[in-house]
Amino acid sequence: MRASIRAKIVKVCETKIAAKGDNVGVSFYAFFANKNDDPELLMEVAQWWIMEMKLNHFEKARKIISLV
């Protein structure tokens, strides 16, 4: 994945952890707006999340940070 989306994933996860605690879960949709304005980037993250890492729809934010 691109360095820019890796940084955004970490930032979003850290923000969610700060707001909701260590046990908060996220889906890969958490890193995107509610509109499909960059389908290639969405597919890049989806490929990593689903095909490479074989993650569930929701995963713990701390786990995602460690994988990124």
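The values are calculated or read from the model by the stated rules, or taken from the named source; none is laboratory data. Since the model is a prediction, treat every value here as computed from it, not as a measurement. In this analysis, Cβ positions are derived from the backbone assuming ideal geometry, glycine residues included, and neighbour counts consider all displayed protein chains. Note: areas computed on protein heavy atoms with side chains; ligands, DNA, RNA excluded. Shrake-Rupley method; radii C 1.70, N 1.55, O 1.52, S 1.80 Å.
What to note about this one:
- In the complete set of protein chains, residue-level accessible area for MET1 is approximately 60 Å², probe 1.4 angstrom.
- Across the chain, the mean sequence separation of Cα contacts (distance under 8 Å, 6 or more residues apart), normalised by length, yields a relative contact order of 49 percent.
- Candidate lysines - alpha carbon under 23 Å from LYS60, same-chain residues fewer than 8 apart omitted: LYS8, LYS11, LYS16, LYS20
- A convex hull fitted around the alpha carbon atoms of the chain yields 80 Å³ per residue.
- Low-density loop positions, chymotrypsin sites (Phe, Trp or Tyr not before Pro), the chain - DSSP coil, at most 13 other Cβ in 10 Å: PHE58
- Taking GLU44, GLU52, GLU14 in turn, the Gaussian network model of the chain (Cα-Cα springs below 10 Å) assigns the largest fluctuation to GLU52.
- Straight-distance candidates among the lysines for linking to LYS54, with alpha-carbon spacing under 18 Å and chain neighbours fewer than 8 residues away dropped: LYS63.
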